[in-house]
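Asks: Take this structure, written in structure tokens, and hold onto it; I'll ask about it next.
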Amino acid sequence: MNLLCLPVLVGCLLVLLAGTSGVEFTQFQLYVVHVDNRDQLNQIQELVQNGDYDFWDVPRVNRKARVMVNHIDEIMFEKFLEEHDIDFDPIVENVQQILNKERKTNEEHHRRAKRDAGAKVTVDFDHYWTLDEIYAYIEELAATSEMVTAFDIGTTHEGRPIKAMTISRNGEVALDRPVVFMDAGIHAREWAGIMSVLYMIHEFVEHSEQYPDQLDNTDYVIIPVLNPDGYVYTHEKNRLWRKNRVQNNLLCAGVDVNRNFPAMWRFTSNACTNSYAGPEHSSEKETVAMMGLMDRYKSVMAMYVAVHTHGDMILWPWGYEYDKYCDNWEEHDQLGKLAQQAIVAVGGPEWEVGNSVEVLNYRASGATDDYAYATGARLAFTIELTGGGYEGFDLPADQIGKVSRETMEVYKVFGKHAGSLTVPVVKN
């Protein structure tokens, strides 16, 4: 057996343990890896692509990357890095300690919320919302605002609804205005991306008079949580879970829905890895639900935006192969740089803008952005929000508002540009 496969087996065992209680990460250590050049990056990418360790940062030259390693694999992991002259530092001996801190913050909020509960859904951005809170807010907006329509687009493996919503000054989206199509939460543990979309929804609906450039000529179709089963699982069982919750075999659960779309889909044989693409493309209920919704609006889909955390990046197609740019890549790049400048103007970091494969240094087949572009979206972006905490996607709750406000600048630039386009939308 290849020793590098051992972490995957450990992950499978954790899935079994999670059946009755929450997964604990007391036996996992967090490392920071320092990548100084392209050769080192290529070596690190072997670990990333094999799925043997859980990387929480995208490895890039002259950037730090954090990775979680089981204690029993530390010697093997450190030996690999030393052999390739890659510097590293262990920074947290017990990963569970940092997860407990986040859990405590959320539990304290929910105790206060229950004590102070009223008839109206409480809207704040100082805690991570549960799925029930998100769905209640969407339904309340649909019931109280003429701009919002909410509806189910499918049901998950565990029987939860997959909810979508539209925002339009005209009420219904009548296919006569450019549409920005967005989703968040395809990767279950990326809570901050979901919160940034909820912040945008709150601003557009409850303060709509402040956003004429984004709302007067543009409609929005949004899936706030594309992976409800996984999202609930991260709140209740395993904070670090990424995939959906379909059972693949006796040991392993979950498909990476962002590898399951029919856009240059590639089969991955190991169902235990974080990036398992499924037994075939479009095998997952979440995938089918989003494809159906996109098909409904594709004739006016000016822009698609996939919201992820983390990394401070604005990425454009193609992502399935090296040295392949989408036809109108210059338009993508120019718009991405406008959004980059808008973030800096409000005091945020300078996000990196570029082709997905070139920035990430790995291929991602079957991803939503490639699928949306192939389906007809004139512009298709994946954004990776600013991270925080020890893992990046565990942004501390007291930073949700700040990061959401900065990311709102991206949404404003994108929405304004989409509204300047004509329908039916055609690519340059």
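Asks: Take the residues in segment 148-172 that are open to solvent by 20 Å² or more (accessible area, probe 1.4 Å) and more than 21 Å from the chain's Cα centre (by Cα); name whichever of them is nearest to Gln247 (Cα to Cα).
Replies: Here the residue is Gly159.
Asks: Kindly check whether there is at least one residue in segment 256-263 that is within 17 Å of the chain's Cα centre (by Cα) and among the basic types (Lys, Arg).
Replies: Applying the first criterion (within 17 Å of the chain's Cα centre (by Cα)) to segment 256-263 yields 256-261.
With the extra rule that they be among the basic types (Lys, Arg), the set shrinks to 259.
Looking for residues that are within 17 Å of the chain's Cα centre (by Cα) and among the basic types (Lys, Arg), one finds at least one in segment 256-263, hence yes.
Asks: Let me ask something else. Just wondering, is there one or more residues in segment 183-202 that are part of a loop (DSSP other than H, G, I, E, B) and open to solvent by 30 Å² or more (accessible area, probe 1.4 Å)? Talk me through it step by step, then tell me what you get.
Replies: Step one: filter segment 183-202 for residues part of a loop (DSSP other than H, G, I, E, B), giving 185-190.
Now drop any that are not open to solvent by 30 Å² or more (accessible area, probe 1.4 Å), which leaves none.
No: zero hits.
Asks: Just checking, does segment 374-390 include any residue being in a helix (DSSP H, G or I) and either open to solvent by 50 Å² or more (accessible area, probe 1.4 Å) or of a type outside the set (Val, Ile, Thr) (or both)?
Replies: Yes, segment 374-390 has at least one match.
Asks: Which of the residues that make up segment 169-210 are β-branched (Val, Ile, Thr), under 13 Å from Tyr411 (Cβ atoms) and in contact with a Gly (Cβ under 7 Å, 6 or more places away or on another chain)?
Replies: Selection gives Val180 alone.
Asks: Given the criterion open to solvent by 10 Å² or more (accessible area, probe 1.4 Å), aromatic (Phe, Trp, Tyr) and over 20 Å from Asn274 (Cβ atoms), identify the matching residue among Phe55, Phe88.
Replies: Checking each option against the conditions leaves just Phe88.
Asks: Also, quick follow-up: Here are some residues: Asn217, Asn249. Which one is among the polar types (S, T, N, Q) and in contact (Cβ under 8 Å) with a residue 40 or more places away in the chain?
Replies: Testing whether each residue is among the polar types (S, T, N, Q) and in contact (Cβ under 8 Å) with a residue 40 or more places away in the chain leaves just Asn217.
The values are calculated or read from the model by the stated rules, or taken from the named source; none is laboratory data. For clarity, every value in this text was computed on a predicted model and none was experimentally measured. So basically every Cβ, Gly included, is an ideal-geometry build from the backbone, and we count neighbours across all protein chains shown. Just so you know, the surface numbers come from the protein's heavy atoms only, side chains and all, with ligands and any DNA or RNA stripped out. Shrake-Rupley method; radii C 1.70, N 1.55, O 1.52, S 1.80 Å.
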